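Notes to accompany the following structure.
The values are calculated or read from the model by the stated rules, or taken from the named source; none is laboratory data. Everything quoted here is computed from the prediction, not taken from an experiment. Glycine also receives a Cβ, built like all others from the backbone with ideal geometry; neighbour counts cover every protein chain displayed.
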Amino acid sequence: MSEPTEPNHNQATNATVLVTGAAGYIGSHTCIELMANGFDVIGVDNFDNSEPVVLDRIAELAGRPIQFAELDIRDTEALRKVVSKHSPSAVIHFAGLKAVGESVSHPQKYWSVNVGGTLSLLDAISTSDVSMFVFSSSCTVYGDPAAVPVTETTPVAPISPYGRTKLAAEQAIIDHLSTRDCGGLLLRYFNPVGAHASGRIGEDPVGVPNNLMPFAMQVAVGRRDALSIFGDDYDTADGTCIRDYIHVVDLAQGHVAALKAETDIDSCEIVNLGTGRGSSVLEVVNAASEAVGKPIAHQIVARRDGDAAVIFADTTKAESLLSWSADRTMVDMCRDHWSWQSLNPDGYRTAD
Ligand code: NAD
Ligand code: UDP
């Protein structure tokens, strides 16, 4: 297993990467990996779903401060100023909204940030020297696939406004990049979980977590009574849904691999980032209970609308195009997620 990369200031590439959503869950882990690999990072975020203290933690773990500008990505002029000042050669675009349920009740907000924000960013870099654009897409664009594992040519059929905004943003990026000399990688993530091995940064959802691992870990730490498992009558071995959980540090390292693969890529490519292995909800709950050292209270409730029974990635393209694969196990994911949760029971809100 590759450890979270230690800072190595001898690897300076002199390349500057603009990271939108840098203070978020995946963005913060990626900033550390980028800086450890010698990239200079200019992060932007409006802290809509993150806390400024994460920037201190990134600096602590990376061994140097992160350059940062607080802005909304829909503010094209503010973005343009950042691009003009820092001259990034690459962009990694994480900033966006990701709650499926909220996207159903507030679709306008999702189209504004996820699609409008992406258009604004594309506009802001249109006359820059950016030569690689990496986008955070999601396996949610596949909807409920007819066959697994899903390849990048599996038909797309998103079933929520969130999924439709990710697909629309992908299409906007493909069209934009076709007009200029800039490569693109549209990375379709599966289910990121876990945290940096230090336990200093991790996922800190606001309010009631929508996702399985954060909810289970909040039960373990005493913030919630019991996990509700959404259905045990699916056509799977134990009746619960199967997903492809990927350690967030593996995912972060996938972005470094994406930038290092730049010279081999002269077009806009879609790439799945997963492990290729499926785990059921009950398997995750059992692994999390092992990591925590006590059972995680849970109950079976009705299915959640819109859940696919089984989805996991075909990882062949990521391996060949990026020379990257995810090697952390479910045990690693649960151990590191628990380390973060137990060291920071209330997330960043009680941070020093
Ligand atoms: P996150 O919410 O932790 O991070 C997103 C960051 O973007 C936050 O820090 C937020 O404050 C910022 N942001 C939101 N709107 C903004 C705006 N208008 N201007 C500037 N900053 C803004 O989410 P994450 O889990 O790190 O996800 C990052 C990206 O990956 C998202 O685009 C998400 O759709 C995608 N993704 C996430 C998952 C997942 O399960 N976490 C799965 C697939 C894809
Ligand atoms: N899940 C669950 N209880 C929860 C949250 C999620 O049983 O409180 C299940 C959900 O039905 C799905 C799996 O866990 O089968 C992963 O859900 P999550 O929301 O984490 O990710 P998704 O795959 O929906 O993006």
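Surrounded by fewer than 17 Cβ atoms within 10 Å (Cβ to Cβ), within 16 Å of ligand 2 (Cβ to nearest atom) and farther than 28 Å from residue 131 by Cβ: is that true of residue 104 in this structure?
yes
In the range 288-314, what residues are touching a Lys or Arg at 6+ places or on another chain (Cβ under 9 Å) and surrounded by 20 or more Cβ atoms within 10 Å (Cβ to Cβ)?
291, 311, 312, 313
Scan the range 192-215 for residues that are near ligand 2 (Cβ under 10 Å from one of its atoms) and either closer than 22 Å to residue 295 by Cβ or charged (D, E, K, R) (or both) and jot them down. Let's see the steps before the verdict.
Taking the range 192-215 and keeping what is near ligand 2 (Cβ under 10 Å from one of its atoms), we get 192-193, 208-215.
Result: 193, 208, 209, 211, 212, 213, 214, 215.
Could you say which residue among 200, 164 is without any contact (Cβ under 8 Å) to a residue 12 or more places away in the chain and either within 24 Å of residue 30 (Cβ to Cβ) or within 13 Å of ligand 1 (Cβ to nearest atom) (or both)?
On the way: 200 fails: without any contact (Cβ under 8 Å) to a residue 12 or more places away in the chain.
Step by step, each of 200, 164 is checked, and only 164 is without any contact (Cβ under 8 Å) to a residue 12 or more places away in the chain and either within 24 Å of residue 30 (Cβ to Cβ) or within 13 Å of ligand 1 (Cβ to nearest atom) (or both).
What number of residues in the range 94-127 are assigned to a loop (DSSP other than H, G, I, E, B), farther than 17 Å from residue 81 by Cβ and of a type in the set (Gly, Ala, Ser)?
2
Is it the case that the range 109-129 has a residue that's within 15 Å of ligand 1 (Cβ to nearest atom), charged (D, E, K, R), in contact (Cβ under 8 Å) with a residue 12 or more places away in the chain and surrounded by 21 or more Cβ atoms within 10 Å (Cβ to Cβ)?
Taking every residue of the range 109-129 in turn, none turns out to be within 15 Å of ligand 1 (Cβ to nearest atom), charged (D, E, K, R), in contact (Cβ under 8 Å) with a residue 12 or more places away in the chain and surrounded by 21 or more Cβ atoms within 10 Å (Cβ to Cβ).
Considering only the range 265-352, give the helices (runs of 4 or more DSSP H) lying wholly within it that have at least 3 residues that are at pLDDT 95 or above and either in contact with a His (Cβ under 8 Å, 6 or more places away or on another chain) or more than 28 Å from residue 175 (Cβ to Cβ) (or both).
281-292, 330-343
Working only within the range 68-82, note down all residues that are in a helix (DSSP H, G or I), in contact with a helix residue (DSSP H, G or I) (Cβ under 6 Å, 6 or more places away or on another chain) and under 11 Å from residue 20 (Cβ atoms).
Once the filter is applied, which keeps residues that are in a helix (DSSP H, G or I), in contact with a helix residue (DSSP H, G or I) (Cβ under 6 Å, 6 or more places away or on another chain) and under 11 Å from residue 20 (Cβ atoms), the range 68-82 yields only 79.
Can you name the residue in the range 180-194 that is on the phi < 0 side of the Ramachandran plot and assigned to a loop (DSSP other than H, G, I, E, B) and is also nearest to ligand 1 (Cβ to nearest atom) among such residues?
By that ranking, first place goes to 190.
Just one of the numbered conditions (1) part of a loop (DSSP other than H, G, I, E, B); (2) closer than 23 Å to residue 346 by Cβ is not true of residue 217; which one?
Looking at each condition in turn, residue 217 falls short on (1).
What residue, of 51, 70, is modelled with pLDDT of 95 or more, more than 18 Å from the chain's Cα centre (by Cα) and either acidic (Asp, Glu) or over 21 Å from residue 258 (Cβ atoms) (or both)?
After ruling out the rest, the residue left standing is 70.
Can you name the number of the only condition in (1) crowded, with 23+ Cβ neighbours inside 10 Å; (2) assigned to a loop (DSSP other than H, G, I, E, B) that residue 145 fails?
Among (1) crowded, with 23+ Cβ neighbours inside 10 Å; (2) assigned to a loop (DSSP other than H, G, I, E, B), the lone unmet condition for residue 145 is (1).
Can you list residue pairs whose Cβ atoms sit under 7 Å apart, with the first residue in the range 203-224 being β-branched (Val, Ile, Thr) and the second being more than 11 Å from ligand 2 (Cβ to nearest atom) and not in a loop (DSSP other than H, G, I, E, B)? Count only pairs 6 or more apart in sequence or on different chains.
What qualifies is 221/341; 221/342.
Which residue, of 202, 239, is part of a loop (DSSP other than H, G, I, E, B) and crowded, with 24+ Cβ neighbours inside 10 Å? Don't jump to the end; show me each part of the working.
Details: 239 fails: crowded, with 24+ Cβ neighbours inside 10 Å.
One residue alone meets the criteria, 202.
Return the residue satisfying two criteria in turn: it lies in the range 163-191 and is hydroxyl-bearing (Ser, Thr, Tyr) and out of contact with any Pro (no Cβ under 9 Å at 6 or more places or on another chain), and of such residues it is modelled with the highest pLDDT.
Top of the filtered list is 189.
Just to be sure I understand the filter: pairs with C-beta atoms under 7 Å, separated by 6 or more residues or on different chains, first member in the range 30-53 and closer than 21 Å to residue 189 by Cα and assigned to a strand (DSSP E or B), second member within 12 Å of ligand 1 (Cβ to nearest atom) and among the aromatic types (Phe, Trp, Tyr). Which pairs pass?
That search, which allows pairs on different chains as well, returns 43/68.
As an exercise: evaluate residue 337 against (1) in contact (Cβ under 8 Å) with a residue 24 or more places away in the chain; (2) surrounded by fewer than 20 Cβ atoms within 10 Å (Cβ to Cβ) and give the number of the one condition it does not meet.
Of (1) in contact (Cβ under 8 Å) with a residue 24 or more places away in the chain; (2) surrounded by fewer than 20 Cβ atoms within 10 Å (Cβ to Cβ), only one is false for residue 337: (2).
Kindly evaluate residue 134 against the criterion of being under 17 Å from the mean Cα position of the chain (by Cα), more than 24 Å from residue 191 (Cβ to Cβ) and in a strand (DSSP E or B).
no
List every residue pair whose Cβ atoms sit under 9 Å apart, with the two residues 6 or more apart in sequence or on different chains, where the first one lies in the range 293-310 and is free of Cβ contacts under 8 Å to residues at least 40 places away in the same chain and over 17 Å from residue 213 (Cα atoms) and the second, anywhere, is away from ligand 1 (no atom under 16 Å from the Cβ) and of a type in the set (A, V, I, L, M).
none
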